[in-house]
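Notes follow the structure.
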Protein chains: 2
Amino acid sequence: MRLAELSGRSGVSTATIKYYLREGLLAPGRQVNATTAEYDEDHLRRLRLVRSMIQVGRLPVATVREVLRHVDDDSLGRTIRLGAALWALPQVPEPDEDDDHVRAAHREVDELLDRLGWSNAKLLLTISPAYRSLVVAVAAMRRLGYDWDPELLVAYAELMHQAAILDLNFVETRPSEAEKVETAVLGAVLVEPMLQALHRLAQEEESARRYGFE
Amino acid sequence: MRLAELSGRSGVSTATIKYYLREGLLAPGRQVNATTAEYDEDHLRRLRLVRSMIQVGRLPVATVREVLRHVDDDSLGRTIRLGAALWALPQVPEPDEDDDHVRAAHREVDELLDRLGWSNAKLLLTISPAYRSLVVAVAAMRRLGYDWDPELLVAYAELMHQAAILDLNFVETRPSEAEKVETAVLGAVLVEPMLQALHRLAQEEESARRYGFE
């Protein structure tokens, strides 16, 4: 397809597509003559991925480039490719390891992972930003003096594990390995805001069921 | 307690506490003489709430003030107080109602709520930011050409409903009405990042279980 059709089918303006081409976020089309290039379904798919990272995920161009570098690196196994792409997404700041609450949160998260039997996640714990994010979130709760029952964290974790199983089941419906990895990245960008919206709506529903509107 | 003890117990510096007092985010202490004020457990609790909204939720001071105005308005019923406080938290931009994908997403979200039996949430739909957020998230997926099975949205929604039940069960353990409302606001600020971190970690765990580290 020509640039105009790629623009029509993706809903992205030709000026923006040209910008993505210049920035290396989209591979050049096949040049058919001095002024015309042909694009294919792979271009369309990649364009949608780039668009959602920039427009929905609000990622800077440099981050998008880094994520795509991992997505396209087929020398890595699927777990590492999925992980490496997620690791390039925006993350919480590093926890301050000199802080007592952070050290306590490390122990608490480790106990949680043992309790859950997430032994694979534990192997990744020294390098995974998701592990660090969890330590930061738990430390924030404890610093504010909230002493939640550890069983509550276990219950939340099991719900999110069910969500992750749905995510990966969907990823596995994609035909090619490249699409599987792309879909996993999109999942992080598109599914997280959807889960957050569903969570807030469910809170309103449950609250109205329990307390009415009085 | 004196200012120094309030600072020690909350981990918030006296300079920051004085700033919150000037900005009206914290009620003045009981003046015992010209230079000294007494603070109580309500001050400590409120200080932790303000701190978590600003430091963890990264809310601007004006937003914190608006959230607290709803939290403190005991003329409202509990559902509306909980909702009104959540509604003052940062939200996604308004959906563009002239957009075909947004109109389609509205229909899809309405069908989803019918399917789920969330009739109370549906009553709120014209005013709830959570409803708008869900429309925006669904419209973004559709605009990008992702045609997910509506059953997948139902499954995600049911998981988030389970999370909301855990949230409200915890809220109900708080002794006073004021603490219940405050805890609900904290839930939005603290639980959402924790669920997001657990979700990403669960994805890594599930991916490693399925594909190993090859």
A:V32, sole failed condition from (1) over 29 Å from B:A202 (Cα atoms); (2) in the same structural domain as A:V135 (by TED's automatic domain parsing): (2)
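Using the structure shown, decide if B:E204 is under 22 Å from the mean Cα position of the chain (by Cα), of a type in the set (D, E) and not in a loop (DSSP other than H, G, I, E, B). Steps first, please.
Working: under 22 Å from the mean Cα position of the chain (by Cα): no; of a type in the set (D, E): yes; not in a loop (DSSP other than H, G, I, E, B): yes.
When the stated conditions are applied, B:E204 does not pass them.
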Test result for B:R51, modelled with pLDDT of 75 or more, of a type in the set (K, R) and in contact with a His (Cβ under 9 Å, 6 or more places away or on another chain): no
Check off (1) crowded, with 19+ Cβ neighbours inside 10 Å; (2) at pLDDT below 90; (3) out of contact with any Gly (no Cβ under 6 Å at 6 or more places or on another chain) for B:V189 and give me the number that stays unchecked. (3)
Scanning the stretch A:167-179 for residues that are in a helix (DSSP H, G or I) and at pLDDT 85 or above, which turns out nearest to B:P193 (Cα to Cα)? A:D167
Out of (1) assigned to a helix (DSSP H, G or I); (2) closer than 30 Å to A:V138 by Cα; (3) more than 18 Å from the chain's Cα centre (by Cα), the odd one out for A:P95 is which? (1)
Out of the residues in the stretch A:105-135 that are more than 17 Å from B:L195 (Cβ to Cβ) and either assigned to a loop (DSSP other than H, G, I, E, B) or among the hydrophobic types (A, V, I, L, M, F, W, C) (or both), state the one that is nearest to the other protein chains (Cβ to nearest Cβ). A:L124
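Out of curiosity, is A:L159 within 7 Å of chain B (Cβ to nearest Cβ), assigned to a helix (DSSP H, G or I) and modelled with pLDDT of 90 or more?
On the way: within 7 Å of chain B (Cβ to nearest Cβ): yes; assigned to a helix (DSSP H, G or I): yes; modelled with pLDDT of 90 or more: yes.
Spelling it out, A:L159 is indeed within 7 Å of chain B (Cβ to nearest Cβ), assigned to a helix (DSSP H, G or I) and modelled with pLDDT of 90 or more.
Can you tell which of A:A164, A:A157, A:A178, A:A208 is more than 19 Å from A:V56 (Cβ to Cβ), small (G, A, S) and touching a His at 6+ places or on another chain (Cβ under 9 Å)? Spell out the reasoning first.
On the way: A:A157 fails: touching a His at 6+ places or on another chain (Cβ under 9 Å); A:A178 fails: touching a His at 6+ places or on another chain (Cβ under 9 Å); A:A208 fails: touching a His at 6+ places or on another chain (Cβ under 9 Å).
One residue alone meets the criteria, A:A164.
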Which pairs turn up if I take residues in the stretch A:30-46 that are modelled with pLDDT under 95 and exposed (fewer than 15 other Cβ atoms within 10 Å of the Cβ) and look for partners that are assigned to a strand (DSSP E or B) and among the small types (G, A, S) with beta carbon separation below 8 Å, at least 6 apart in sequence or on another chain? A:R30/A:A37; A:Q31/A:A37
Only unsatisfied item for B:R48, checking (1) more than 18 Å from B:S176 (Cβ to Cβ); (2) in contact with a Gly (Cβ under 9 Å, 6 or more places away or on another chain), is (1)
Only one of these conditions is not met by A:A202: (1) at pLDDT 85 or above; (2) within 7 Å of chain B (Cβ to nearest Cβ); (3) surrounded by fewer than 23 Cβ atoms within 10 Å (Cβ to Cβ). Which number is it? (3)
Sole exception among (1) surrounded by fewer than 22 Cβ atoms within 10 Å (Cβ to Cβ); (2) more than 8 Å from every other protein chain (Cβ to nearest Cβ) for A:V181, by number: (1)
Specify which of the listed residues (B:A105, B:A84) is of a type outside the set (D, E, K, R), modelled with pLDDT of 75 or more and closer than 21 Å to B:L134 by Cβ. B:A105
Which residues, counting only those in the stretch A:136-155, are more than 15 Å from B:L195 (Cβ to Cβ) and more than 8 Å from chain B (Cβ to nearest Cβ)? A:A139, A:R142, A:D147, A:D149, A:P150, A:E151
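The values are calculated or read from the model by the stated rules, or taken from the named source; none is laboratory data. Since we're looking at a predicted model, the values are computed, not measured. No Cβ is skipped: glycine too gets one built from the backbone with ideal geometry, and neighbour counts run over all protein chains shown.
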